[in-house]
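Below is one structure; the comments refer to it alone.
Taken together, the values in this text are just the output of simple stated rules run on the coordinates, not laboratory data. Computed from a predicted structure; not experimentally measured. All Cβ positions, even for glycine, are placed from backbone atoms using ideal geometry, and neighbour counts span all protein chains on display.
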Amino acid sequence: AQTVTQSQPEMSVQEAETVTLSCTYDTSESDYYLFWYKQPPSRQMILVIRQEAYKQQNATENRFSVNFQKAAKSFSLKISDSQLGDAAMYFCAYTNQGGKLIFGQGTELSVKP
Amino acid sequence: SAVISQKPSRDICQRGTSLTIQCQVDSQVTMMFWYRQQPGQSLTLIATANQGSEATYESGFVIDKFPISRPNLTFSTLTVSNMSPEDSSIYLCSVGGTGGNQPQHFGDGTRLSIL
């Protein structure tokens, strides 16, 4: 069975600095997709970034980028130039072609002004 | 991405009662998903709802407790039956394709508290 692990329950970053959130996963499949979702206190789940396993190039979305290490089954999220609005719970998630999302435990990010 | 409306946004219910949560999408979608997020926890898939067929439930979730309807391609409901305090959670619906190239997008969730 596939699993997703986020080993950092909480992280903190100074405004304008860079922070990296860690995620590891376990799967025996070769075709899958990885995501980072953000959940602010409003509880809405917001898609931050996605990565296709077959792509070697790391995904980038503005200030958000990932470091995808397929052999190590690692999928970390880097947030550059952190802003107060980035404060939220961040979830790493995995899916194969079936559509079911498997989530990690989450990392609560706080941003200090 | 699709606009997903979930109702109610929150509710406080008495134990032993049932509540139906609605999920409306502004476009036709093949698959809809229902997740539960217990306090301080991550999201867990309850079931997948396809139009015209029975919902597919994940291990630990049963139809008698969480009946789901999917009458058309833009709407679904999840009922939480015979509620107990352990059912206090956020319930979220999502829509998306079967592949990761169509990532899932979520409604705003329903915060349910059982007294």
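Some observations on this one:
- Burial order of peptide ranges A:92-99, B:35-42 (average beta-carbon count within 10 Å, highest first): A:92-99, B:35-42
- Net charge of neighbours whose Cβ lies under 11 Å from the Cβ of A:Ile49, counting Lys and Arg as +1 and Asp and Glu as -1: +3
- Here's the picture: charge each Lys and Arg Cβ at +1 and each Asp and Glu Cβ at -1 in chain A, and of A:Leu109, A:Gln8, A:Phe91 the one pushed furthest to the positive end of that dipole is A:Phe91.
- Average beta carbon contacts from partner chains per residue of B:105-111, 10 Å cutoff: 4
- Ranked packing of A:17-26, B:7-16, most packed first, by mean Cβ within 10 Å: A:17-26, B:7-16
- Average beta carbon contacts from partner chains per residue of A:101-110, 10 Å cutoff: 3
- Net length available on complete extension from B:Glu86 to B:Asn50 is 10.2 nm, with 0.36 nm assigned per residue and the Cα-Cα distance removed.
- Across peptide B:42-49, the average count of Cβ atoms from other chains found within 10 Å of a residue's Cβ is 4.
- Once both labels are positioned 7 Å from their Cα atoms along Cα-to-Cβ, the gap between A:Asp81 and A:Gln57 label points is 2.1 nm.
- Here the dipole of the protein assembly as shown is about 140 debye; that uses its Cα centre as origin and unit charges on the Cβ of Lys and Arg (positive) and Asp and Glu (negative).
- Candidate aspartates and glutamates - alpha carbon under 16 Å from B:Lys7, same-chain residues fewer than 8 apart omitted: B:Asp26, B:Asp108
- Computed log₁₀ I(q)/I(0) - Debye formula, equal Cα scatterers, no solvent, chain A, q 0.15, 0.21 Å⁻¹: -0.59, -1.14
- Taking label points 7 Å from Cα along the Cα-to-Cβ direction, B:Ser27 and A:Thr5 give a separation of 3.8 nm.
- Stretchable slack from B:Thr79 to B:Val62, in nm (0.36 nm times residue separation minus alpha-carbon distance): 5.0 nm
- Cα-based shape type of the protein assembly as shown, given that a ≥ b ≥ c are square roots of the gyration tensor eigenvalues and the cut on a/c is 1.5: prolate
- Along principal axes, Cα extents of chain B, largest first, whole Å: 39, 25, 22
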